[in-house]
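What follows is a single structure, written as structure tokens, with notes after it.
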Amino acid sequence: MSKSIYDTLNTIIRINGCNARMIRKQYLRSVGKPMFRETGELSMPAEIQDNGLREILRRYPTGVTIVTALLDGKPWGGTMNSFTSVSLDPPLVAIFVMEKGRTTTAINQTKKFVVNILKFNQEKEAKQFASDNVPDKFLDVPYRESSNGIPIIEGSLGYIECDLYEATKVSDHIMFLGKVTRSEVTMDEEALIFYRRAFRSFTGTA
Ligand SMILES: Cc1cc2nc3c(=O)[nH]c(=O)nc-3n(C[C@H](O)[C@H](O)[C@H](O)COP(=O)(O)O)c2cc1C
């Protein structure tokens, strides 16, 4: 159902006071998806609401990183694919992290973070650091400490140590710009890829 049909339905209900429950029943019978929020108000399914944005974004492959920092003095980290390089002079990189997440708290506390670039076989680590329910994010994940005491995850392709350069609130995320203080490629291997909601690795050359 197109967005304009939703708009029209909304208008009809607003003007004529139609029975929203009846329309919901008919809609569910035809497409089997909820059209109303629990309040009974009309709401659009996500794929219509975001105008296909999610679908196209899923088709954009990214690498996968674990961003580490210290939270209350202890190692912390979160899986992030919103990592990008910004400039070489000065050497700046950026990540976009959920404002309410603990990785944000950790970065704000220490004003330092490390971006660990994951290797193709580190899917387990990526999932572990993306989970909110693990008691210890570093369980069975070996790491060493950077000069600032931030965890550098063993087995990753390389890492980028950063001092916080700028933090900007962007919607419900914080854009952290990091000034690179040290970076190293630790092994010449293929990267872990996130594409169409799945972890993948390169299978060939273009
Ligand atoms: C492939 C992948 C990429 C992710 N990228 C981001 C990201 O760029 N920014 C973000 O805030 N969360 C991202 N997440 C979700 C976080 O990893 C997840 O919320 C994690 O628990 C961090 O929460 P915490 O900061 O409270 O530890 C990603 C998750 C996955 C699986």
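At-a-glance table
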read-out: Among the candidates I150, I193, residue that is crowded, with 20+ Cβ neighbours inside 10 Å and either among the β-branched types (V, I, T) or assigned by TED's automatic domain parsing to the domain that holds L53 (or both); value: I150
read-out: Odd one out for K124 among (1) of a type outside the set (S, T, N, Q); (2) within 10 Å of the ligand (Cβ to nearest atom); (3) part of a helix (DSSP H, G or I); value: (2)
read-out: The lone exception for V141 - which of (1) of a type outside the set (D, E, K, R); (2) within 19 Å of V64 (Cβ to Cβ); (3) buried (at least 17 other Cβ atoms within 10 Å of the Cβ); (4) in contact (Cβ under 8 Å) with a residue 40 or more places away in the chain it fails; value: (4)
read-out: Test: residue in segment 130-140 that is over 22 Å from Y60 (Cβ atoms), in a strand (DSSP E or B) and either within 16 Å of the ligand (Cβ to nearest atom) or among the charged types (D, E, K, R) (or both); value: no
read-out: Leading residue by the ranking (farthest from the ligand (Cβ to nearest atom)) among those in segment 180-206 that are part of a strand (DSSP E or B) and within 21 Å of the chain's Cα centre (by Cα); value: A191
read-out: Residue match in segment 116-127 (condition: in contact with a helix residue (DSSP H, G or I) (Cβ under 8 Å, 6 or more places away or on another chain) and touching a residue at least 12 places away in the same chain (Cβ under 8 Å)); value: yes
read-out: Candidate set: segment 151-179, residues that are among the aromatic types (F, W, Y) and more than 16 Å from the ligand (Cβ to nearest atom); chosen: the one farthest from P75 (Cα to Cα); value: Y165
read-out: Any chance V64 is touching a helix residue (DSSP H, G or I) at 6+ places or on another chain (Cβ under 9 Å), within 15 Å of the ligand (Cβ to nearest atom) and farther than 17 Å from L164 by Cβ; value: yes
read-out: Test: residue in segment 41-59 that is modelled with pLDDT under 95, in contact with a Ser or Thr (Cβ under 9 Å, 6 or more places away or on another chain) and over 30 Å from F202 (Cα atoms); value: yes
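The values are calculated or read from the model by the stated rules, or taken from the named source; none is laboratory data. The model shown is predicted, which means the values in this text are computed figures rather than measured ones. Cβ atoms come from the backbone with ideal geometry, glycine included; neighbour counts cover every protein chain shown.
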